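S.K.: Dropping a structure here in structure tokens format, bear with me for questions.
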Amino acid sequence: MSKLYNDSVPVAREKIQWQRDEVAAKIVDFQQARDKQSQRQFAIEQGFSRSTLQHWLARKESIDASAALIDFLESPEGTAFVHRIVTAAHFTFTKDGVASIHNVSTFLKLSGLSPFVASSYTSQQRVSNKMDEAIIEFEEFVRPQLSQNMPAKKISLAEDETFHPQICIVCMESVSNFIFVEKYVENRDGATWNQVVSQALKDLPVQVIQVSSDEGRGLINHTIKGLNAHHSSDCFHVAYEIGKGTSGALAAAVKKAEKQYEASVKQTQKQVSKQENYDNQSKRPVGRRPNFEKKIELAKEEETKAQSNLEIARQNQETVGNAKSEIGKIYHPFDVQIGTKQDAQKVSELLESCFANIKDSIQDLSDRCKQRVDKAHRVVKNMVATIAFFFNMVDLYMDNVQVSAHERQLMYDYLIPGFYLKQVSAKEKDAERKLLILQKARQLLSILTQQDGPFCEYSENDVKRLEKAAEECAQIFQRSSSCVEGRNAQLSLRHHGIHKLSDRSLKAQTVVHNYYRRNRDGTTPAERFFEAKHIELFEWLLDKMDYPARPRKHLKVAV
């Protein structure tokens, strides 16, 4: 255990004049030597006054804790341990998590560390501010090295805005989830986007070829005119507009039809009951018998009509729901069920078929509902253009890597669809569908390991080269800005908890996301984007953060 604490002691810190570990070490040395030396003699030899030594000893004796705990936490190993605990609490609770500084103060009190560490809000606020500065300094230290050695690449961005209520624009790299821009701005027009994105990318050997976003005019202007890149419409917003325009109206139509059907059934039963009561009377009433049969027949006709209307309303609701779901299943460059290529023309026909079914089912809805569907329908041409863009970029990529005609065909038939389906399966929510897609992906990629297959005579390096090329080709297709939407949700949750994010705090949050949070494969967004390892952020903070301040001997009492 002591080795762990010794290893955790930072070795190159800029500290205040006397650090806690130095003070603790001197006290231990004096306690060991006090039988042979006086306080005055020991202080002279160590280069400080006797009163300073007496203050240190008195402070240690005044701590309200057990002797064993005091001996440990006031030793060099103990002070290093306390330093790690406080740094970890701040980093975990307030930087990686969404807790507040009050939570850190409460943690220090409940954990029993408050006799050793100043746990007031003001003291811990200073620690939090210092940590923000150290986190920002971390990126300023590691990013130039990473960007200098990274390979040149073509990238796709995902962009969006969120509101706190200040406008916060967020720009991420779609494949690695590396955040380039996360900043509060005055407005969200194309010129603002151009300025902040160009500033973020100026030191990187990258070319933006594609931006995924919603249909905001500023974003489209920034993509096409500012970056000279392809704009890929977010598939989510297509389904969102359809659902927003139809789900409530169709549900209301079904509910209305259900009420009408229930009323017609009750009316039929009412007429049948009247007939039975009339015919079962012991003495027939004076006058002509009412034509119950005719009334029952008319009531049943109304019931049949109401039932038909209900079935139509339910069918319309189901048709729109299925068509909306089908759009997401269709919008792929490869059929996710069988892995075959879907060119732009085929995707266009399938999408138009979905919208035709939707429009047939909403003929009785209001014009406002139809306008929502028309708004989503207008995006189809952009979606089809993205399919064409994908295959054009794949052709250019394979021209640049100089693959043979035979290898190109194998890439199109097996490797690229295999890696693409593998990516799709990782994002699929339905377990059964996820398994089917993954099985098809493995089946396509199994050609790489077949003993008598086309790659049996390839060297291991050649196979890895083709695998990397196929995977990078599959990643070119980006149909969603969901990574940014998820990031916006995280920022909203953090903002909801503390009500305000300063520019410094927001910048620190960006650095934590890029250099600390890890994917399932154990890599950070920065490692995936720069394709290189970097030093550990938390170890950097341990090295940069001052040792925790000590609590006051007597707390001030509010009057």
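S.K.: Can you tell me which residue among Arg408, Arg433 is within 30 Å of Ala313 (Cβ to Cβ) and surrounded by 13 or more Cβ atoms within 10 Å (Cβ to Cβ)?
M.R.: Details: Arg408 fails: within 30 Å of Ala313 (Cβ to Cβ).
When all the criteria are applied, what remains is Arg433.
S.K.: Would you pick out the residues in the range 294-338 that are out of contact with any helix residue (DSSP H, G or I) (no Cβ under 8 Å at 6 or more places or on another chain) and under 30 Å from Asp395 (Cβ atoms)?
M.R.: Across the range 294-338, the qualifying residues are Lys329, Asp335.
S.K.: Shifting gears a bit: Could you list all residues from the range 181-208 that are of a type in the set (Asp, Glu) and crowded, with 17+ Cβ neighbours inside 10 Å? Before the answer, list the steps.
M.R.: Restricting attention to the range 181-208, the residues satisfying the condition of being of a type in the set (Asp, Glu) are 182, 186, 189, 203.
Scanning the range 181-208 gives a single hit, Glu182.
S.K.: For the range 94-112, how many residues are buried (at least 18 other Cβ atoms within 10 Å of the Cβ) and without any contact (Cβ under 8 Å) to a residue 40 or more places away in the chain?
M.R.: Final tally of qualifying residues: 6.
S.K.: Another question about this same structure. Scan the range 509-542 residue by residue and report those that are more than 16 Å from Met172 (Cα to Cα), touching a helix residue (DSSP H, G or I) at 6+ places or on another chain (Cβ under 9 Å) and in a helix (DSSP H, G or I).
M.R.: Leu537, Phe538, Trp540, Leu541, Leu542 - these are the residues of the range 509-542 that are more than 16 Å from Met172 (Cα to Cα), touching a helix residue (DSSP H, G or I) at 6+ places or on another chain (Cβ under 9 Å) and in a helix (DSSP H, G or I).
S.K.: Determine, yes or no, whether Leu227 is under 24 Å from the mean Cα position of the chain (by Cα) and among the aliphatic types (A, V, I, L, M). I'd like the intermediate steps shown before the answer.
M.R.: Values: under 24 Å from the mean Cα position of the chain (by Cα): no; among the aliphatic types (A, V, I, L, M): yes.
For Leu227, the condition - under 24 Å from the mean Cα position of the chain (by Cα) and among the aliphatic types (A, V, I, L, M) - is not met.
S.K.: Let me ask something else about it. Within the range 412-434, identify whether any single residue is in contact (Cβ under 8 Å) with a residue 40 or more places away in the chain, closer than 24 Å to Gln207 by Cα and either in contact with a Pro (Cβ under 9 Å, 6 or more places away or on another chain) or of a type in the set (D, E, K, R) (or both), and answer yes or no.
M.R.: yes
S.K.: Go through the range 157-265 and tell me which strands (runs of 3 or more DSSP E), entirely inside it, have 3 or more residues that are of a type in the set (A, V, I, L, M, F, W, C). Before the answer, list the steps.
M.R.: Values: elements: 167-173, 179-185, 206-213, 230-233.
Filter on the range 157-265 gives 167-173, 179-185, 206-213.
S.K.: Next up: Please state which one of Gly321, Gly339 is under 21 Å from Gly243 (Cα atoms), surrounded by 13 or more Cβ atoms within 10 Å (Cβ to Cβ) and not hydroxyl-bearing (Ser, Thr, Tyr). Quick ask: steps written out before the conclusion?
M.R.: Numbers: Gly339 fails: under 21 Å from Gly243 (Cα atoms).
Going through Gly321, Gly339 in turn, the sole match is Gly321.
S.K.: Does the range 122-144 contain at least one residue that is among the small types (Gly, Ala, Ser), surrounded by fewer than 21 Cβ atoms within 10 Å (Cβ to Cβ) and assigned to a loop (DSSP other than H, G, I, E, B)?
M.R.: No: zero hits.
S.K.: State the number of residues belonging to the range 210-231 that are surrounded by fewer than 17 Cβ atoms within 10 Å (Cβ to Cβ) and aliphatic (A, V, I, L, M).
M.R.: The number of residues fulfilling the criteria is 1.
S.K.: Just the residues that are assigned to a helix (DSSP H, G or I), in contact with a Leu (Cβ under 9 Å, 6 or more places away or on another chain) and not β-branched (Val, Ile, Thr), please, taken from the range 428-441.
M.R.: Here is the first cut: in the range 428-441, the residues assigned to a helix (DSSP H, G or I) are 431-441.
When the remaining residues are screened for being in contact with a Leu (Cβ under 9 Å, 6 or more places away or on another chain), the result is 437-438, 440-441.
Within the range 428-441, Leu438, Lys440, Ala441 meet the criteria.
S.K.: Does the range 423-439 hold any residues that are among the small types (Gly, Ala, Ser) and over 18 Å from the mean Cα position of the chain (by Cα), and which are they?
M.R.: Selection gives Ala431 alone.
S.K.: Still on this model: Residue by residue through the range 477-503, note down the ones that are in contact with a strand residue (DSSP E or B) (Cβ under 7 Å, 6 or more places away or on another chain) and assigned to a loop (DSSP other than H, G, I, E, B).
M.R.: Once the filter is applied, which keeps residues that are in contact with a strand residue (DSSP E or B) (Cβ under 7 Å, 6 or more places away or on another chain) and assigned to a loop (DSSP other than H, G, I, E, B), the range 477-503 yields Gln478, Arg479, Ser480, Ser481.
S.K.: Where residues in the range 145-180 are within 30 Å of Met545 (Cβ to Cβ) and of a type in the set (Gly, Ala, Ser), which of them is surrounded by the most Cβ atoms within 10 Å (Cβ to Cβ)?
M.R.: Ser176
S.K.: Select from the range 498-513 the residues that are more than 21 Å from Ile535 (Cα to Cα) and either among the charged types (D, E, K, R) or under 18 Å from the mean Cα position of the chain (by Cα) (or both) and list them in ascending order.
M.R.: Initially, the range 498-513 is screened for residues more than 21 Å from Ile535 (Cα to Cα), giving 498-506.
Passing the criteria: Lys500, Asp503, Arg504, Leu506.
S.K.: Could you check, for the range 301-310, whether at least one of its residues is out of contact with any strand residue (DSSP E or B) (no Cβ under 8 Å at 6 or more places or on another chain), of a type in the set (D, E, K, R), touching a residue at least 40 places away in the same chain (Cβ under 8 Å) and on the phi < 0 side of the Ramachandran plot? Show your work before the answer.
M.R.: Residues of the range 301-310 that are out of contact with any strand residue (DSSP E or B) (no Cβ under 8 Å at 6 or more places or on another chain), as a first pass: 301-310.
With the extra rule that they be of a type in the set (D, E, K, R), the set shrinks to 301-303, 305.
Now drop any that are not touching a residue at least 40 places away in the same chain (Cβ under 8 Å), which leaves 303, 305.
Those left that are additionally on the phi < 0 side of the Ramachandran plot: 303, 305.
The answer is yes; a qualifying residue exists.
S.K.: Kindly check whether there is at least one residue in the range 358-366 that is in contact with a helix residue (DSSP H, G or I) (Cβ under 8 Å, 6 or more places away or on another chain) and either free of Cβ contacts under 8 Å to residues at least 40 places away in the same chain or aromatic (Phe, Trp, Tyr) (or both).
M.R.: Step one: list which residues in the range 358-366 are in contact with a helix residue (DSSP H, G or I) (Cβ under 8 Å, 6 or more places away or on another chain), which gives 358-362, 364-366.
Subsequent filtering for residues that are either free of Cβ contacts under 8 Å to residues at least 40 places away in the same chain or aromatic (Phe, Trp, Tyr) (or both) retains 359.
Yes, the range 358-366 has at least one match.
S.K.: To continue, here is another question. Please work out which one of (1) surrounded by fewer than 18 Cβ atoms within 10 Å (Cβ to Cβ); (2) modelled with pLDDT under 70 is the condition Ala67 fails and give its number.
M.R.: (2)
This table checks each residue for (1) of a type in the set (Gly, Ala, Ser); (2) more than 20 Å from the chain's Cα centre (by Cα).
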{"position": "Glu140", "(1), (2)": "no, yes"}
{"position": "Gln145", "(1), (2)": "no, yes"}
{"position": "Ala200", "(1), (2)": "yes, yes"}
{"position": "Ser213", "(1), (2)": "yes, no"}
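The values are calculated or read from the model by the stated rules, or taken from the named source; none is laboratory data. A quick note: this is a predicted structure, and the numbers were derived from the prediction, not measured. Heads up, the Cβs are rebuilt from the backbone with ideal geometry, glycines too, and the neighbour counts pull from every protein chain shown.
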